[in-house]
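Remarks on the structure that follows.
The values are calculated or read from the model by the stated rules, or taken from the named source; none is laboratory data. What you see is a predicted model; the values in this text were computed from it and never measured. Cβ sites come from the backbone with ideal geometry, for glycine too, and all protein chains shown count toward neighbours. Only protein heavy atoms, including side chains, enter the accessible area calculation; ligands, DNA and RNA are left aside. Shrake-Rupley method; radii C 1.70, N 1.55, O 1.52, S 1.80 Å.
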Amino acid sequence: MKKKTRSFFNWILLAGSTIIVCLFLGIILFDIFSKGLSSITWNFISALPSDGMTKGGIFPAIIGTILLTFITTLFAVPFGVACAVYLNEYARPSVLTNIIRASIRNLAGIPSIIYGLFGLALFVQAFKLGTSVLSAGLTLGLLSLPYIITTTEEALKRIPNSMREATLALGATQFETIKDVVLPKALPGILTGVILTLSRAAGETAPILFTGVAFYINGLSTSINQEFMALPYHLYMLSTQHQSIEQVRPLAYGTASVLILLVFMFNIIAFYIRFKHRSQD
Amino acid sequence: MDEIKLSAHALNLYFGNKKILKNINIDFPKNQVTSLIGPSGCGKSTLLRSFNRMHDLSPDARIEGTLKLDELDIYDQKNSVTEIRKRIGMVFQKPNPLPKTIYENLSYALNIHKFPKNEIPQLVESALKESYLWEEVKDELKKPAVKLSGGQQQRLCIARTVVLRPEVILMDEPCSALDPISSHKIEELIMILKKNYTIVIVTHNMQQAQRISDKVGFMYLGELVEFDTADNIFKNPANELTKNYVGGHFG
Amino acid sequence: MSIKKREKTDWVLKQLFKATGLVTIGLLGGIFIMLIYNSIAFFANISPIDFFTGAQWDPGSAKGNYSILPLLASTGLVALGSMLIAVPLGIFTAAFLSEFAPSKLQAVLKPIIEMLAAIPSVAIGFLGIVLVGPGIAKIFGIQNGLNALNGSILLAVMALPTIVTISEDAINAVPKSYREASLALGANKWETLFKVTLPAALPGLIAAVMLGLGRALGETMTVLMATGNASAIPRGFLDSVRTITATIAIEMGEVPYRTTHYFALFAIAAVLFLITLSINLLGEFFANRLRKFHA
């Protein structure tokens with residue numbers, strides 16, 4: 001009898017914990033979507049903010065986030081893939097590769113606000129790019145680099161050596177083997193990792209705080225050397241910095257919904273690629 | 001005396017601290033089929049793969065000794081590994097077609113080695129004919145190569161090697177993953193190919209070695225125990241170990 | 001000759017790829033040097049003794065008080081609270097997932113955990129303001145729910161996916177034979193879990209906690225939005241606090257370039273960097289122990 005009670009208690013402990021973790025997600029999504037989805041209208045998506053940002057839409061913030069993510073991609077993906085190719089395809093285990101791998105692991109653990117400081121010192125001040133979407137995109141690129149390298153390397157590791165041997169034995173150089181066989185085969189895996197990393201980058205706020213994000217921009221800026229609005233910062237601003245916080249709460253909920261939907265969209269694309277690729281094997 | 005095409009002299013090979021090949025001396029005669037036989041783990045595949053420098057991929061492999069293609073030193077850093085692999089083709093244990101179409105599997109090597117564009121279709125066709133695959137695939141050259149059956153894939157891999165007109169073809173248990181009918185086709189193919197190519201084949205199958213080989217090397221625990229004509233190895237082996245192995249007493 | 005040219009291309013690209021590897025070392029080094037360089041400029045004006053022992057962070061005052069203690073205490077308190085919530089929840093969830101959940105349930109639960117990891121920190125901070133804060137105020141009968149407890153709850157949510165995922169890997173890495181041996185000796189599945197499987201996975205569980213803790217310590221937006229931002233040494237979880245990250249986020253945008261205050265923010269960032277670095281290294285140490293143990 002006593003044993004039975006203990007066992008029951010243990011069940012509650014484990015299953016209960018799992019239920020609580022699931023509830024966290026449920027509460028987050030329910031609260032934000034139940035109050036935010038009704039704010040999402042075509043006007044909200046496509047209009048500029050108006051009346052001191054108490055009315056209107058979030059179009060500049062959406063454009064800003066897309067432009068920002070685009071710059072991050074252009075910078076971090078080639079760089080990260082090249083580094084992963086070096087580590088997995090060219091390099092033999094050595095002191096140097098151990099140091100590179102240790103650097104990558106530690107870079108992944110650095111708080112994002114410190115990347116913000118580094119972006120400020122390097123891009124804004126030293127490279128004189130100013131506070132701009134370019135500086136912010138490059139900063140987010142640095143932040144994304146370790147994740148892109150790690151996920152790409154994992155994708156490359158899954159390619160069996162027999163694929164590489166096939167072309168090498170025909171007298172292809174290592175680069176030709178990488179370009180013609182390894183990368184095309186690893187592409188779905190690389191893509192999945194890249195998209196998940198970018199979805200994280202798109203939701204980041206701390207690294208862009210000092211490198212170019214703006215409270216409000218008059219009109220719509222798509223120039224890469226200008227400040228920009230971004231969805232996460234817009235949400236932060238609407239919920240803490242605005243002079244009439246209660247009045248703009250529906251806008252804040254709407255912005256949060258759009259941000260989460262955007263991030264989930266990225267994730268769904270990534271899962272789709274992973275799923276489709278798995279079912280092909 | 002046979003003309004020597006490929007040779008190893010005083011070859012030692014290590015993986016890390018483990019010595020896998022011990023003082024191997026072997027000469028492969030031109031335009032003949034030489035089989036390497038021996039129990040699993042005896043180093044026959046390792047020996048085969050050292051001739052086209054496939055061990056370059058393994059970070060902990062270390063090689064001592066001299067390997068030669070004609071008079072060319074295979075491991076001399078001055079010589080191009082790309083060039084050597086173009087001259088020494090290889091067919092692997094498991095068919096490994098490129099993730100491309102049937103046609104591209106053959107044209108790939110021709111393209112990277114910059115063969116004239118207008119000659120490529122002709123070269124692809126003749127290599128497929130030479131590998132007795134043409135009739136089966138001529139209407140579906142644009143199909144992904146992985147859609148072929150295992151036996152067809154392996155013949156495609158042979159065609160892919162033959163298309164470059166190498167001087168030597170190394171075959172690492174090419175039939176072990178195939179059914180008997182496919183194996184038989186490949187054996188026939190090997191007999192025809194040896195007119196033009198020097199073939200070294202690693203096999204587990206005694207009957208196969210007996211059917212196709214001119215010469216046979218028996219390896220045991222990283223050493224070349226006996227190297228002689230196929231007739232002598234199978235009918236009149238000099239070494240007790242060889243006798244037991246070909247007699248089916250172990251391995 | 002064509003082959004020479006192709007091999008040359010291969011060599012050049014190899015060097016190029018290698019250079020990207022060197023850049024990652026340079027990036028870590030660059031961040032380190034930036035922090036140290038600006039910290040030295042700070043300590044030229046303010047003594048390290050004041051920095052580490054003073055009681056106030058008040059750069060605006062006439063004298064300029066730059067003590068990291070209130071910020072460090074805030075950071076530590078919020079992170080500690082988050083771990084008190086997330087560690088048991090995370091490890092029990094991981095145990096449920098790997099030992100008891102049927103594969104169909106796993107297929108539902110794993111995406112839920114990945115979705116939780118995908119929610120942007122600013123959205124979680126927002127919920128701290130509109131949902132968790134008012135909830136805390138109501139339950140404890142206080143004016144304002146923006147305090148350390150709020151931050152701890154939110155950071156727990158953010159650290160959970162990391163802790164669950166890595167703990168689950170650690171539990172899965174325990175050889176099946178351990179469990180079978182325990183069950184064969186007559187232990188039931190609970191005794192097996194708590195006395196054999198979890199202890200065997202301990203190094204991996206510690207690694208999971210360390211990585212979750214690193215994430216909680218370094219998180220900016222949620223604590224910035226939900227903890228009230230009062231830079232005094234907190235007396236309890238119901239006090240408003242201000243972490244190192246939040247301080248940098250608030251003040252960096254306003255300080256004049258290359259003033260003592262500006263350098264001070266790099267100095268506190270350097271302290272944060274060293275803390276998270278050591279925690280990550282510690283986590284890695286334990287993760288390696290698990291690997292060696294099972295190899």
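In region A:231-266, what residues are of a type in the set (Gly, Ala, Ser) and either farther than 21 Å from A:Ala206 by Cβ or more than 10 Å from every other protein chain (Cβ to nearest Cβ) (or both)?
A:Ser244, A:Gly254, A:Ser257
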Answer residue from region C:94-115, given it is open to solvent by less than 40 Å² (accessible area, probe 1.4 Å) and within 19 Å of the chain's Cα centre (by Cα) and is modelled with the highest pLDDT among those: C:Ala94
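Let me confirm something: among C:Ala230, C:Ala249, C:Ala264, which residue is in the same structural domain as C:Phe126 (by TED's automatic domain parsing), touching a strand residue (DSSP E or B) at 6+ places or on another chain (Cβ under 7 Å) and without any contact (Cβ under 8 Å) to a residue 40 or more places away in the chain? Step through it out loud before you land on a result.
Working: C:Ala249 fails: touching a strand residue (DSSP E or B) at 6+ places or on another chain (Cβ under 7 Å); C:Ala264 fails: without any contact (Cβ under 8 Å) to a residue 40 or more places away in the chain.
Matching residue, one of C:Ala230, C:Ala249, C:Ala264: C:Ala230.
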Any hit, region C:35-54, residues being in contact with a helix residue (DSSP H, G or I) (Cβ under 6 Å, 6 or more places away or on another chain) and at the interface with another protein chain (Cβ under 9 Å from one of its Cβ atoms): yes
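I'd like to check something: does region A:128-136 contain any residue that is at the interface with another protein chain (Cβ under 9 Å from one of its Cβ atoms) and either under 25 Å from C:Thr222 (Cβ atoms) or surrounded by fewer than 21 Cβ atoms within 10 Å (Cβ to Cβ) (or both)?
No, region A:128-136 has no match at all.
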Qualifying positions in region C:138-185 - without any contact (Cβ under 8 Å) to a residue 24 or more places away in the chain and open to solvent by less than 60 Å² (accessible area, probe 1.4 Å): C:Gly145, C:Arg179, C:Ala181, C:Ser182
Of the criteria (1) open to solvent by 50 Å² or more (accessible area, probe 1.4 Å); (2) touching a residue at least 60 places away in the same chain (Cβ under 8 Å), which one C:Trp11 fails: (2)
Among (1) over 19 Å from C:Ala216 (Cα atoms); (2) open to solvent by less than 10 Å² (accessible area, probe 1.4 Å), the one test that C:Gly283 misses: (1)
Qualifying residue in region A:171-191 (condition: touching a Lys or Arg at 6+ places or on another chain (Cβ under 6 Å), of a type outside the set (Val, Ile, Thr) and facing another protein chain (nearest Cβ under 10 Å)): yes
Members of region A:1-58 that are acidic (Asp, Glu) and either within 27 Å of C:Ala156 (Cβ to Cβ) or facing chain C (nearest Cβ under 10 Å) (or both): A:Asp31
Conditions (1) exposed (fewer than 15 other Cβ atoms within 10 Å of the Cβ); (2) touching a residue at least 40 places away in the same chain (Cβ under 8 Å); number of the one not met by C:Asp58: (1)
Close pairs (7 angstrom Cβ cut-off, 6 or more residues apart or separate chains): within 14 Å of chain A (Cβ to nearest Cβ) and among the small types (Gly, Ala, Ser) in region B:40-66, open to solvent by less than 40 Å² (accessible area, probe 1.4 Å) and in a helix (DSSP H, G or I) anywhere: B:Ala61/B:His55
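Pick from B:Gln93, B:Gln77, B:Gln153: which is open to solvent by 40 Å² or more (accessible area, probe 1.4 Å), under 23 Å from A:Ile159 (Cα atoms) and not hydroxyl-bearing (Ser, Thr, Tyr)?
Numbers: B:Gln77 fails: under 23 Å from A:Ile159 (Cα atoms); B:Gln153 fails: open to solvent by 40 Å² or more (accessible area, probe 1.4 Å).
Result of the check over B:Gln93, B:Gln77, B:Gln153: B:Gln93.
Please state which one of B:Pro144, B:Pro166 is touching a Gly at 6+ places or on another chain (Cβ under 6 Å) and within 12 Å of another protein chain (Cβ to nearest Cβ).
Working: B:Pro144 fails: touching a Gly at 6+ places or on another chain (Cβ under 6 Å).
Just a single option satisfies the conditions, and that option is B:Pro166.
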Residue count for region A:88-127, restricted to those that are more than 7 Å from chain C (Cβ to nearest Cβ) and under 16 Å from the mean Cα position of the chain (by Cα): 3
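Residues are listed down the side, and each one gets a yes or a no for (1) in contact (Cβ under 8 Å) with a residue 12 or more places away in the chain; (2) open to solvent by 20 Å² or more (accessible area, probe 1.4 Å):
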{"residue": "A:Pro184", "(1), (2)": "no, yes"}
{"residue": "A:Ala201", "(1), (2)": "yes, no"}
{"residue": "A:Glu204", "(1), (2)": "yes, yes"}
{"residue": "A:Val213", "(1), (2)": "yes, no"}
{"residue": "A:Tyr216", "(1), (2)": "yes, yes"}
{"residue": "A:Gln226", "(1), (2)": "yes, yes"}
{"residue": "A:Tyr233", "(1), (2)": "yes, yes"}
{"residue": "A:Ser239", "(1), (2)": "yes, no"}
{"residue": "A:Ser257", "(1), (2)": "yes, no"}
Count of residues meeting criterion [surrounded by fewer than 24 Cβ atoms within 10 Å (Cβ to Cβ) and either in contact with a strand residue (DSSP E or B) (Cβ under 9 Å, 6 or more places away or on another chain) or closer than 30 Å to A:Ala126 by Cα (or both)] in region A:142-165: 3
Meets criteria (more than 26 Å from A:Val194 (Cα to Cα), in contact (Cβ under 8 Å) with a residue 60 or more places away in the chain and out of contact with any strand residue (DSSP E or B) (no Cβ under 8 Å at 6 or more places or on another chain)) for A:Leu262: no
The one condition in (1) within 30 Å of A:Tyr90 (Cα to Cα); (2) in contact (Cβ under 8 Å) with a residue 60 or more places away in the chain; (3) not hydroxyl-bearing (Ser, Thr, Tyr) that C:Glu99 fails to fulfil: (1)
Matching entry among C:Ser278, C:Ser231, C:Ser240 (being touching a Gly at 6+ places or on another chain (Cβ under 9 Å), polar (S, T, N, Q) and either closer than 25 Å to C:Gly128 by Cβ or surrounded by fewer than 24 Cβ atoms within 10 Å (Cβ to Cβ) (or both)): C:Ser240
A:Met265 under 15 Å from A:Gly52 (Cα atoms) and either assigned to a helix (DSSP H, G or I) or in contact with an Asp or Glu (Cβ under 7 Å, 6 or more places away or on another chain) (or both): no
Number of positions in region A:36-54 that are over 16 Å from A:Gly219 (Cβ atoms) and of a type outside the set (A, V, I, L, M): 8
Considering residues of region B:88-135 that are without any contact (Cβ under 8 Å) to a residue 40 or more places away in the chain and facing another protein chain (nearest Cβ under 9 Å) only, the residue farthest from B:Gly151 (Cα to Cα): B:Lys114
